[in-house]
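Colleague: First the structure, which I've put down as structure tokens, then a few questions once you've had a look.
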Amino acid sequence: MINDKLLNPKSVVVVGGSNDVYKPGGKVLKNLIDNDFKGNLYVVNPKLDEVQGIKAFRDVNDLPQVDCAIIAIAAKFCYDTVETLVKQKGTGGFIILSAGFSEENEEGAKLEKKIVDLLNEHKASLIGPNCVGLLNQTYSGIFTTPIPKLDSQGIDFISGSGATAVFIIESAVSKGLKFSSVYSVGNSAQLGVEEILKYLDETYVHGKSAPVKLLYVESVNKPKMLYKHASSLIRKGAKIATVKSGTSEAGSRAASSHTGALASPDVAIEALFRKAGIVRCNGREELASVASVFIHPTPKGKNVAIITHAGGPAVMLTDTLSNGGLNVPAIEGPKAQELLDKLFGGSSVANPIDFLATGTAEQLGFIIDACNNDFDNIDSMAVIFGSPGLFPVYDVYDVLHEKMKTSKKPIYPILPSIINVKDEIEKFIEKGRINFPDEIAFGNALSKILNTPKPQAENIELPKIDKERIRKVIDSAGNGYLSPDKIYELLDAAGIDRVIEKVVTTKEDALAFAEKHGFPVVMKVVGPVHKSDVGGVVLNVKDNETIVREFDRLMKIKDTYAVLMGEMISGTEVFIGAKREDKFGHMVLAGLGGIFIEVLHDVNASLSPVSKNEAEYMIKNLKSYKIIEGVRGQEGINQEIFAEQIQRISALVEAAPEIFEMDLNPLLGNMKYVKAVDARIRIEK
């Protein structure tokens, strides 16, 4: 619960405030004073009557009523202080900077919980403990620097790490970015990233609220809350980018299925961000670069004009954009010639538009006007303009600034000469503009944004399935792997097409299956988990003699108790799986199947429920998509059927959340059908 006393206090006390500005209690007080907090400011210091020119109280009991407390004292003294403030002084907002809580030991965790329980009881709000504080347009309740420029149309930034927040702010400020608020949530004892995002969603007004939200997340504790409010914000018009650290897994984990091995927690996080429409970044600099792109208008398409006076950066940017799936389309025709005639000899307008090191501010204006008015195949412009240090470039940046005011298409300024034209860049930033110092960082950021899907619809419609029949099977099953006949029941109830199969325990039944359904047939062991590894799969059986011989051999394989007879069909092997991930619900995965899944690991994942759009995205964004389309004369796979089967698996796990892990591997697909050939389903209630 976030209340107004935390966000807009009329009075603030720094408990542990001091004259030593190299300590958190001293620095946060200095920041409050230097950044002109308009309300009443108090200090509690047991040894002094005045601190940094502010009257100090020796004890919290002596304080008047106070809205918000910033606490910078030893952890062991925090509970008694909080209790006095919340019960006697009407304090509703708390920022505990102090460390020594759950991040340190079990005793600290108990103390932290005790404080949270007390604050919850009194409907008070807590940031921290173990944080650097809270910064917004009301007050600078933070003990770090720099304090960025604050603007309601800037950035709301939530960080799980105080030091990382500082480094990201430093990177952002140097590019010209402004902030609306900064929340360092520390241990997230009461308010974590998810709760802050929920508040930002519930109070968001497009055009008035900060349009960009940045997150630095070390752990996703409430993924469903994060998804709900992030996707809601983006649908309302906000833009969100996130760094999620801690993605690697130390060592390997044993898994009994392909899905289990592939569906790591980080795959779930990746799927969550994509489903919500969040742009995922890999580090601090990328986060700041993505935020810088966000601050500009969104281009209508992926076609970029590169306007440059230096060839090398333009070539590197062209490569980066092309590798990121964006286009640098050719510019040609009479209008291109008209533009070329206005430039110095040796210039090129083919795109990149190179107007040479001698290019002028006036020529830059001609180029931008032409890209806006004459070239319909251009959606945005990247302007690269630095200086070898021969002359000032104020006039160029002035033209750039003025053109950006009226341009119908986004213009991204890439100003790489951070030493030679340092003063000019500073002047440009003072006008409210942003600088991208590096063309590669810019190109990667723009590509990432334009390739991130929009958030999924709030209500996802899944195919109709026989839920009653599914529940009958699940309710009667115990934990562990289901028998083949139970798997058939579930697949049939979910409307998932499969090959005709039958489990047999005698040669006579095996022969009868072949007589009824015809040759060729497939024979597989029932019992061993990895059938191929033990020689338990026989394909293309064409006669009775082979059935008899192979039946005897298969039954002798360790752990085998029956043989699965199946019709032999042809097609490309694909895979669909599902895995329940703690807190996230089910992930659904799809890719190429058979041995390809083990060799290539080329799968995409989505969180259930999976929309039709998501299923299609999963298929079309596989590295092996060309194989699914059909390549070199090979028949492709019916993608509509494949996508529907992915959705049906999603519907199945929604109806049966007890399914812990399942593999359909392989399914065989062609233009007529996509049929499950082998399946395993594990139940954990």
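Colleague: I'd like the residue in segment 339-359 that is out of contact with any strand residue (DSSP E or B) (no Cβ under 7 Å at 6 or more places or on another chain) and under 21 Å from VAL304 (Cβ atoms) and, out of all such residues, is surrounded by the fewest Cβ atoms within 10 Å (Cβ to Cβ).
Modeller: Initial filter on segment 339-359 (out of contact with any strand residue (DSSP E or B) (no Cβ under 7 Å at 6 or more places or on another chain)): 339-346, 349-350, 355-359.
Still in the list and also under 21 Å from VAL304 (Cβ atoms): 339-340, 343, 349-350, 355-356, 359.
Values: LEU339: 22, LEU340: 18, LEU343: 20, VAL349: 26, ALA350: 13, PHE355: 25, LEU356: 17, GLY359: 21.
The extreme case among them is ALA350.
Colleague: For PHE513, only one of the following conditions fails: (1) farther than 12 Å from GLY566 by Cα; (2) more than 46 Å from the chain's Cα centre (by Cα). What is its number?
Modeller: (1)
Colleague: Identify, by number, the condition in (1) surrounded by fewer than 22 Cβ atoms within 10 Å (Cβ to Cβ); (2) touching a strand residue (DSSP E or B) at 6+ places or on another chain (Cβ under 7 Å); (3) in a loop (DSSP other than H, G, I, E, B); (4) at pLDDT 95 or above that ASP20 doesn't meet.
Modeller: ASP20 satisfies every listed condition except (2).
Colleague: Here's another thing I want to ask about it. Quick check: is even one residue across segment 561-573 modelled with pLDDT of 95 or more, touching a Lys or Arg at 6+ places or on another chain (Cβ under 9 Å) and surrounded by fewer than 16 Cβ atoms within 10 Å (Cβ to Cβ)?
Modeller: No, because not a single residue in segment 561-573 is modelled with pLDDT of 95 or more, touching a Lys or Arg at 6+ places or on another chain (Cβ under 9 Å) and surrounded by fewer than 16 Cβ atoms within 10 Å (Cβ to Cβ).
Colleague: Same structure, new question: So which residues in segment 293-327 are outside any loop (DSSP other than H, G, I, E, B), farther than 12 Å from ASN444 by Cα and either in contact with a Pro (Cβ under 7 Å, 6 or more places away or on another chain) or of a type in the set (Ser, Thr, Tyr) (or both), if there are any at all?
Modeller: Here is the first cut: in segment 293-327, the residues outside any loop (DSSP other than H, G, I, E, B) are 293-295, 303-308, 311-323, 327.
The next check asks that each one be farther than 12 Å from ASN444 by Cα; those that pass are 294-295, 303-308, 311-315, 327.
ASN303, ILE306, THR308, PRO313, ALA314, listed by residue number.
Colleague: Here is a follow-up. Could we say that ASP552 is farther than 30 Å from LEU317 by Cα and either within 44 Å of the chain's Cα centre (by Cα) or part of a loop (DSSP other than H, G, I, E, B) (or both) here? Steps first, please.
Modeller: Values: farther than 30 Å from LEU317 by Cα: yes; either within 44 Å of the chain's Cα centre (by Cα) or part of a loop (DSSP other than H, G, I, E, B) (or both): no.
Against the criterion (farther than 30 Å from LEU317 by Cα and either within 44 Å of the chain's Cα centre (by Cα) or part of a loop (DSSP other than H, G, I, E, B) (or both)), ASP552 does not qualify.
Colleague: Looking only at segment 186-233, which residues are in contact with a His (Cβ under 8 Å, 6 or more places away or on another chain) and among the hydroxyl-bearing types (Ser, Thr, Tyr)?
Modeller: Selection gives nothing.
Colleague: Give me the pairs: first residue in segment 603-629 and of a type in the set (Asp, Glu), second residue not in a helix (DSSP H, G or I), beta-carbon distance under 7 Å, and six or more apart or on different chains, which are they?
Modeller: That search, which allows pairs on different chains as well, returns GLU614/GLN456; GLU614/SER606; GLU629/GLY636.
Colleague: Anything in segment 477-511 that is aliphatic (A, V, I, L, M), in a helix (DSSP H, G or I) and more than 21 Å from LYS556 (Cα to Cα)? List them, or say none. Let's see the steps before the verdict.
Modeller: Initially, segment 477-511 is screened for residues aliphatic (A, V, I, L, M), giving 477, 482, 487, 490-491, 493-494, 496, 499-500, 503-504, 510-511.
Now narrow it down to the ones that are in a helix (DSSP H, G or I): 487, 490-491, 493, 510-511.
Answer for segment 477-511, where residues must be aliphatic (A, V, I, L, M), in a helix (DSSP H, G or I) and more than 21 Å from LYS556 (Cα to Cα): ILE487, LEU490, LEU491, ALA493.
Colleague: If I go through segment 651-685 residue by residue, how many of them are in contact with a helix residue (DSSP H, G or I) (Cβ under 8 Å, 6 or more places away or on another chain), crowded, with 22+ Cβ neighbours inside 10 Å and more than 17 Å from LYS486 (Cβ to Cβ)?
Modeller: 4
Colleague: Now for a separate question. If the requirement is being under 34 Å from the mean Cα position of the chain (by Cα) and under 26 Å from ASN303 (Cα atoms), which of these qualifies: ILE425, ILE411?
Modeller: Numbers: ILE425 fails: under 26 Å from ASN303 (Cα atoms).
Result: ILE411 is the single residue among ILE425, ILE411 that is under 34 Å from the mean Cα position of the chain (by Cα) and under 26 Å from ASN303 (Cα atoms).
Colleague: Tally the residues that are within 20 Å of LYS454 (Cβ to Cβ) and hydrophobic (A, V, I, L, M, F, W, C), restricting the search to segment 305-330.
Modeller: Total satisfying the criteria: 1.
Colleague: Here's a follow-up. State all residues of segment 603-624 that are under 18 Å from GLU573 (Cβ atoms) and crowded, with 16+ Cβ neighbours inside 10 Å; if no residue qualifies, say none.
Modeller: The first filter runs over segment 603-624 and keeps only residues under 18 Å from GLU573 (Cβ atoms), leaving 603-604, 618-619, 622-624.
Selection gives VAL603, ASN604, MET618, ILE619, LEU622, SER624.
Colleague: I would also like to ask the following. Does any residue of segment 414-436 turn out to be of a type in the set (Ser, Thr, Tyr) and assigned to a loop (DSSP other than H, G, I, E, B)?
Modeller: First pass over segment 414-436, keeping only residues of a type in the set (Ser, Thr, Tyr): 417.
Retained after the next criterion (residues that are assigned to a loop (DSSP other than H, G, I, E, B)): 417.
Checked against the condition, which is being of a type in the set (Ser, Thr, Tyr) and assigned to a loop (DSSP other than H, G, I, E, B), segment 414-436 yields at least one hit.
Okay, residues lined up against (1) over 19 Å from ALA291 (Cα atoms); (2) β-branched (Val, Ile, Thr); (3) in a strand (DSSP E or B):
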{"residue": "GLN153", "(1), (2), (3)": "no, no, yes"}
{"residue": "ILE158", "(1), (2), (3)": "no, yes, yes"}
{"residue": "THR164", "(1), (2), (3)": "no, yes, no"}
{"residue": "SER171", "(1), (2), (3)": "no, no, no"}
{"residue": "SER174", "(1), (2), (3)": "no, no, no"}
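Colleague: State all residues of segment 348-394 that are over 22 Å from LEU321 (Cα atoms) and part of a loop (DSSP other than H, G, I, E, B); if no residue qualifies, say none.
Modeller: ALA357, THR358, GLY359, THR360, ASP374, SER387, PRO388, GLY389, LEU390, PHE391, PRO392, VAL393
Colleague: Would you confirm whether any residue within segment 254-274 is modelled with pLDDT of 95 or more, crowded, with 23+ Cβ neighbours inside 10 Å, over 25 Å from PHE660 (Cβ atoms) and assigned by TED's automatic domain parsing to the domain that holds VAL243?
Modeller: no
Colleague: Taking the options GLY207, GLY186, name whichever one is at positive phi and surrounded by fewer than 22 Cβ atoms within 10 Å (Cβ to Cβ). Lay out the reasoning, then the answer.
Modeller: On the way: GLY186 fails: surrounded by fewer than 22 Cβ atoms within 10 Å (Cβ to Cβ).
Within the list GLY207, GLY186, the selection yields GLY207.
Colleague: Separate question: Across segment 17-36, what is the number of residues that are in contact (Cβ under 8 Å) with a residue 60 or more places away in the chain and in contact with a helix residue (DSSP H, G or I) (Cβ under 8 Å, 6 or more places away or on another chain)?
Modeller: 0
Colleague: While we're here: Just to be sure before I move on: is ALA510 buried (at least 19 other Cβ atoms within 10 Å of the Cβ), modelled with pLDDT of 95 or more, touching a Leu at 6+ places or on another chain (Cβ under 7 Å) and among the small types (Gly, Ala, Ser) in the structure I sent? Before you say what the answer is, go through the steps one by one.
Modeller: Numbers: buried (at least 19 other Cβ atoms within 10 Å of the Cβ): yes; modelled with pLDDT of 95 or more: yes; touching a Leu at 6+ places or on another chain (Cβ under 7 Å): no; among the small types (Gly, Ala, Ser): yes.
No; evaluated as a whole, the condition is false for this residue.
The values are calculated or read from the model by the stated rules, or taken from the named source; none is laboratory data. Everything quoted here is computed from the prediction, not taken from an experiment. For neighbour counting, all protein chains shown are included, and Cβ atoms are generated from backbone atoms with ideal geometry for every residue, glycine included.
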